[in-house]
1. Count, please, the residues in the range 279-305 that happen to be within 14 Å of the ligand (Cβ to nearest atom) and of a type in the set (Val, Ile, Thr).
2. Among the residues of the range 264-284 satisfying the criterion of being in contact with a Phe, Trp or Tyr (Cβ under 7 Å, 6 or more places away or on another chain) and surrounded by 24 or more Cβ atoms within 10 Å (Cβ to Cβ), which is farthest from His234 (Cα to Cα)?
3. Which residue, of Val97, Val40, is more than 27 Å from Phe256 (Cα to Cα), more than 16 Å from the ligand (Cβ to nearest atom) and surrounded by 14 or more Cβ atoms within 10 Å (Cβ to Cβ)?
4. Within the range 126-148, count every residue that is surrounded by 21 or more Cβ atoms within 10 Å (Cβ to Cβ) and either more than 16 Å from the ligand (Cβ to nearest atom) or among the polar types (S, T, N, Q) (or both).
5. Could you figure out which of (1) under 16 Å from Leu275 (Cβ atoms); (2) within 22 Å of the chain's Cα centre (by Cα); (3) surrounded by 21 or more Cβ atoms within 10 Å (Cβ to Cβ) isn't true of Asn45?
6. Checking Ile225 against (1) under 30 Å from Ala39 (Cβ atoms); (2) within 18 Å of the chain's Cα centre (by Cα); (3) in a loop (DSSP other than H, G, I, E, B); (4) of a type in the set (A, V, I, L, M, F, W, C), which single condition isn't satisfied?
7. Of all residues being assigned to a strand (DSSP E or B) and modelled with pLDDT of 95 or more in the range 317-351, which is nearest to the ligand (Cβ to nearest atom)? Just the residue, please.
8. Restricting to the range 112-125, name every residue that is in contact with a helix residue (DSSP H, G or I) (Cβ under 6 Å, 6 or more places away or on another chain) and surrounded by 20 or more Cβ atoms within 10 Å (Cβ to Cβ).
Amino acid sequence: MEILIEKAGLGDILAKVKKGERLSKEDGVRLYESPDLLAVGYMANMVREEKNGDDTFFIYNQHLNYSNICTNLCKFCAFGKEKGTDKSYEMTVDEAVAKITERIDEPITEVHVVGGIHPDLPFSYYTDMLKGIKKARPAIHIQGFTCVEIDHLAKLNNSSVKETLQVLKEAGLDSIPGGGAEVFSPRIREKTCPDKLSGEGWLEVAKTAHRLGLNTNATMLYGHIETLEERVEHLMALREAQDETGGFLAFIPLAFHPKNTEMSDISRTSGVEDLKNIAVARLMLDNFPHIKAYWVMIGPKMAQVALSFGADDVDGTVKEELITHMAGADTEQAMAIPELVRIIKEAGRKPIQRGTLYDVIAEY
Ligand code: V47
């Protein structure tokens, strides 16, 4: 294989990977440009095995999308709706908490709470929801509110991001998911989500959370109008932030789903694209412990293959995910643990059920 990597013109990158040397922006672009998927994947797999061996993580989780009402209305999003339109919804705090209690008999360990940027829900709605969830299920880990929502909540709270995070933490917030990062490039944000928090703003919220002891994840929405350079710059900005704080747990590349969005003329990502994004992320993000292949977006089959291309996590049981499914995802709504275990074992890896902070719950 190493001869093939040399032949693919990537021998110098292989040498760096073997020495554990950091890859440059130019290296990242060359990896993306390389038509040799197996060469890129082989190197990413080396790093994956060095960091995580055969360990492959999944979680028993639940998604709670409390409202789709959103003032940002990003062009790539099919989930967000204007208030008062027929497809918009918002749960009361009691309705949101009922989503937790109705599954109280299942051994769920994490709830992933995300919604739109709502124009008029008060700050108390969010703290009451956190407190209500914790009261209903004290042991559950609440991974909630993207950095974009946190920035909005700080404004509602007439306070700094730091102080607001402290209040949210006291109300029950345990960690922050990776959404809302999109592509940090101002060019992309201007064209696709001009009203959204800037890339710099997103990174600042994430770093503030880390300094308060809240871990976060990071994402990148790929497969629309971004250039390969813009993808690499996004990864490098995350790598730099991680050097500063060390608070990111996982990176999740998100495959753009065009259906029902204002960018529906764009085709869905291909399998090669999906694997490339996992592999390049694994190679560039040398300081991220985990790379997640999110089966909801790339399908269980591609997520399984991704376990040999740099990924060491497949997310989890999920259930009731709306953001991707409203944009045309044809994956199931949920995956049962035996199925997650089966696909991981078939890929020759070791399935590990984890808690949100990668604590081991069960080994299979
Ligand atoms: O913030 C929106 C993206 C994100 C589309 O942290 C779209 O572990 C594809 O962030 N096609 C939400 N993507 C999902 C997310 C996430 C999912 C799973 C795990 C974690 C984690 C985070 O989805 C949004 C946005 O970036 N998104 N519209 C679309 N049409």
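1. 3
2. Per the criteria, the residue is Leu275.
3. Numbers: Val40 fails: more than 27 Å from Phe256 (Cα to Cα).
Of the residues listed, the single one that is more than 27 Å from Phe256 (Cα to Cα), more than 16 Å from the ligand (Cβ to nearest atom) and surrounded by 14 or more Cβ atoms within 10 Å (Cβ to Cβ) is Val97.
4. 6
5. Going through (1) under 16 Å from Leu275 (Cβ atoms); (2) within 22 Å of the chain's Cα centre (by Cα); (3) surrounded by 21 or more Cβ atoms within 10 Å (Cβ to Cβ) one by one, Asn45 breaks only (3).
6. Looking at each condition in turn, Ile225 falls short on (2).
7. Pass one, the range 317-351, residues assigned to a strand (DSSP E or B): 318, 334, 350-351.
Filter once more, so that each one left must be modelled with pLDDT of 95 or more: 350-351.
Numbers: Lys350: 21, Pro351: 18 Å.
Among those residues, the one meeting the criterion is Pro351.
8. Ile117
The values are calculated or read from the model by the stated rules, or taken from the named source; none is laboratory data. Predicted model only: the values in this text are computed from it and were never measured. Cβ atoms come from the backbone with ideal geometry, glycine included; neighbour counts cover every protein chain shown.
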